[in-house]
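The values are calculated or read from the model by the stated rules, or taken from the named source; none is laboratory data. Quick caveat: nothing in here was measured; it's all calculated off a predicted structure. FYI the Cβ positions are ideal-geometry reconstructions off the backbone, even for glycines, and counts take in every protein chain you see. Protein only, heavy atoms only, side chains kept; ligands, DNA and RNA dropped before computing areas. Shrake-Rupley method; radii C 1.70, N 1.55, O 1.52, S 1.80 Å.
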Amino acid sequence: MNSISIKELDLKYQDAHVLKQLNLNIKKGEFLVLLGSSGCGKSTLLNCIAGLLDISAGQIWINDRNVTWEEPKDRGIGMVFQSYALYPQMTVEKNLSFGLKVKGMAKGEIRERVDRASKILQIEPLLHRKPSELSGGQRQRVAIGRALVRDVEVFLFDEPLSNLDAKLRADLRVEIKRLHQKLKNTMVYVTHDQVEALTLADRIAIMKNGEIQQLSTPADIYHKPCNLFVAQFIGSPSMNLLEGRIVGENFVYQDYRVNLMGYEFINQGDHDENAFLGIRPEHLALEPRDGYVKLISAKIDILEPMGDETIVWFDFMGRKWSVKVHGDHQLKWDEDADIYLDPKKAHLFAKQGEVRL
Amino acid sequence: MEQIQLTGPHGPKPKKTTVSRLGVYAFLFSAAVFFCIPLYVMLITSLKGMSEIRLGELFSLPGDPSFAAWVKAWGEACSGVECNGIQTGFWNSVKITIPSVAISIILGSINGYALSFWRFKGSNLLFGILLFGAFVPFQVVIFPLIIFLREVGLYGSLTGIILIHTIFGMPIMTLLFRNYFSSLPDELFKAARVDGANFWQIFFQIMMPLSIPVTVVAVILQTTGIWNDYLLGLIFAGRENLPMTVQLNNIVATTFGVREYNVNMAATILTALVPLAIYLLSGKYFVRGIAAGAVKG
Ligand SMILES: Nc1ncnc2c1ncn2[C@@H]1O[C@H](COP(=O)(O)OP(=O)(O)OP(=O)(O)O)[C@@H](O)[C@H]1O
Ligand SMILES: [Mg+2]
């Protein structure tokens, strides 16, 4: 059963076509992350779902009800904003209860809901403070609380963690995940942080220029990116690329030949075309391993030790290549190293259209 | 632990009195004096008796200070044939200013709020027209307005002059509030909409409490503007409701009998007292409000 269903959604501003014939079905209880670079239309899509923007064409269904022309308050959604958007002049308690009061709910019930939400989010001691007297993380929690008291099916988050420092972000990320496991309602979460997306999502929708490129589980997105854009967008450092040609069983690049035994093509059969070969830094090695084939030998350009692992950068035929190795690898700058590759973990994309082969 | 001796520049940078700084102080001081001298002359003249004034010693302190001139200015001075002092004008001005200020600010803030958050079809055009209105010299529209007010039967009435002040205050008030509301985060408004608040609930419960600084600025601008108005009051208020400024002019310009400079000075100071008090009381908020608007655009 679908919790949110977006059909042929179009959104235009006078001069910009921001969302283009977008279709998206979100299942009940699903945690869906909208991931994409800045300006690709994530917030716009979320605002359309919430009813805060007038759409140009298409339909929006929430809980099997066509809400296309309905007011935000009637759609059964709660929303958490990037800037928190707490009402500055109201205490935390008033912030939480404002929506309920406006609705005309009985005092007792308001109390109950505020109490329950503040217990879940552990903001009980803060109820009588103003937003300006809270830390960033606490504000974020209050903002979530405001959606929580509405007791709605669908939660919409617009980059709720992007204003926080790295440590707090990691903590709150876990809390949001826990909250979802507890409440089991549908969550749509906008971010441009791929770690957030990969850790939180049941499914990720990767967007570019107002179009969804791939909608899939985090594992699928990571292991089987459907096109070159998705492949490069996910992963840090991003995927290494070679431009060459597939000839029979081999990927040929100048005088190099990579045997593609074990690569799972989408279309079986003979391939003979120009293509990109992509391989993630973590799927390369600097020593021979089972199933790996030697790719090249190159000079180490830069070493980036990160504690548990080290990123080794090479200058390879005018392109920067990176390899992730274990942190206690003894390597020196300017040395030559052999790079090995696992063809099963490689990715092939057609030169024409840049789609996965 | 051993104390480390630091050589070279360390700690807070020493403040130096430079020549340019002295120049700034000198300029500020002379400007202050320049503006204070007339005030000083007015004040001491109002405390002198007529015989002392006739000596022509403009700057000398009064030998026998008395508030007699003030009392006379307030309650007995003559404008034309009536001799009730400037108090009638004062109360007229109060009756004109308070409703005009309140109504123009309320309407201006609603306009500004609607224009910045509820973008409707033609809202930009409406704003453009209002902006244009702010720059139309009001002499141009006075005559049509007189005809309009006469047609609706409000010419020469208290309601009429209040309406006129409200109309003339509308562009600048709308502009002020629109710019302030535009500087508030859009998401605040969105959050309130998701919470289910309607047009008026968002205005009264969310936006109004946030607009106190700009409201203070608006009160100051409107109060001083309307209190100091002369022309509109003279034209539209009617004989019964002439504001204080008009009456002050009548008193000062009365050619009947002796010119009582002390009474004129006192009446002038009395008239200027309200705007003066407003500036002094709210100066801090005024600066803060203007600055807040400036920084946030
Ligand atoms: N009011 C508007 N008028 C015209 N264009 C707009 C308007 N609002 C947004 N856009 C454009 O729509 C596009 C999508 O904006 P949106 O805010 O959805 O991006 P986003 O994916 O949320 O980016 P970010 O990660 O930076 O928040 C942008 O290119 C933006 O310039
Ligand atoms: Mg955004």
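Brief remarks on what is shown
- Whole-angstrom gap from the stretch A:296-357 to the stretch B:127-170, using each part's C-alpha centre: 76
- Span-like helix ranges in chain B, DSSP H, alpha carbon extent 18 angstrom or more, Kyte mean at least 1.0: B:19-47, B:123-135, B:138-152, B:158-183, B:212-228, B:261-295
- Cα pair distances of the stretch A:47-190 binned at 10 Å [whole percent]: 11, 41, 36, 11, 1
- Label-to-label distance for B:ALA102 and B:SER183 is 2.8 nm, based on points extended 7 Å past Cα in the beta-carbon direction.
- Charge context of B:ILE161, other residues only, Cβ under 14 angstrom, K/R +1, D/E -1: +1
- The alpha carbon centroids of the stretch A:113-133 and the stretch A:195-216 are separated by 32 Å.
- Distance between modelled label sites at A:GLU287 and A:LEU168, nm, 7 Å Cα→Cβ extension: 4.3
- Rg(Cα)/(2.2 N^0.38 Å) for the stretch A:302-357, N = residue count: 1.40
- Taking only alpha carbon atoms, the stretch B:21-66 gives an Rg to Rh ratio of 1.20, where Rh is the Kirkwood radius.
- Karplus-based coupling profile of the stretch A:289-298, in residue order and whole Hz: 9, 4, x, 8, 10, 6, 9, 8, 10, 8, with θ = phi - 60° in 6.51 cos²θ - 1.76 cosθ + 1.60 and x standing for Gly or Pro.
- Angle between chain A longest axis and helix A:107-121 axis [Cα atoms, degrees, rounded to 10]: 30
- Mean residue ellipticity at 222 nm, helices only, chain B: -23000 deg cm²/dmol; runs of at least 4 DSSP H residues each add -39,500 (n - 2.57), and the sum is divided by the number of residues.
- Treating r as the C-beta distance of B:PHE35 and B:PHE148 and R0 as 35 Å, the FRET efficiency rounds to 0.30.
- Spacing of the two label points (7 Å from each Cα toward its C-beta) at B:GLU240 and B:ARG259, in nm: 3.5
- When only Cα pairs below 8 angstrom with a gap of at least 6 residues are kept, the stretch A:233-350 shows a relative contact order of 31 percent.
- Principal semi-axes of the equivalent ellipsoid, √(5λ) from the alpha carbon gyration tensor of the stretch B:1-111, are 51, 30, 13 Å from largest down.
- Each peptide in A:3-12, A:217-226, A:142-151 was scored by the mean count of other Cβ atoms within 10 Å over its residues; highest first, the order is A:142-151, A:3-12, A:217-226.
- Computed from the C-alpha gyration tensor, the three semi-axes of the ellipsoid equivalent to the stretch A:244-353 are 27, 14, 12 Å, from longest to shortest.
- The protein assembly as shown: equivalent-ellipsoid semi-axes (sqrt of 5 x gyration tensor eigenvalues, Cα, Å): 72, 33, 24
- Stretched out straight at 0.36 nm per residue, the stretch from B:PHE199 to B:TYR279 would grow longer than its current Cα-Cα span by 25.4 nm.
- Mean silhouette area of the stretch A:175-294, derived from the convex hull of its C-alpha atoms and averaged over all directions, reads 10.1 nm².
- Counting 0.36 nm for each residue step from A:ARG111 to A:LYS332 and taking away their Cα separation leaves a gain of 73.2 nm.
- Mean separation of Cα contacts under 8 Å (6+ apart) over length of chain A, as relative contact order %: 15
- Calculated diffusion of the stretch A:6-70, Stokes-Einstein form, Kirkwood radius summed over Cα pairs, 37 °C and 0.692 mPa s, µm²/s: 266
- DSSP bridge pairs, the protein assembly as shown: antiparallel proportion in percent, nearest 5: 75
- Each stretch of four or more DSSP H residues adds -39500 (n - 2.57); spread over every residue of chain A, this sum gives -7000 deg cm²/dmol at 222 nm.
- Mean accessible surface per residue for the stretch A:244-357, computed with a 1.4 Å probe while every protein chain stays in place, in Å²: 56
- Radius of gyration and Dmax over the Cα atoms of chain A, both given in Å: 24.3, 78
- For chain B, B:CYS36 stand unpaired, since no other cysteine beta carbon lies under 4.7 Å from theirs.
- Across peptide A:97-105, the mean count of Cβ atoms from other chains lying within 10 Å of each residue's own Cβ comes to 4.
- The mean number of partner chain beta-carbon atoms within 10 angstrom of a residue's beta-carbon across peptide A:76-84 is 3.
- Legend: translational diffusion of the stretch B:110-175 by Stokes-Einstein, Rh = Kirkwood radius over C-alpha pairs, 4 °C, 1.567 mPa s; D = 99 µm²/s.
- The alpha carbon centroids of the stretch A:1-58 and the stretch B:211-262 are separated by 58 Å.
- Dividing the C-alpha radius of gyration of chain B by 2.2 N^0.38 Å, with N its residue count, gives 1.34.
- Within the shell defined by Cβ-Cβ distances under 15 Å, the residues around B:LYS72 carry a net charge of -1, with Lys and Arg each +1 and Asp and Glu each -1.
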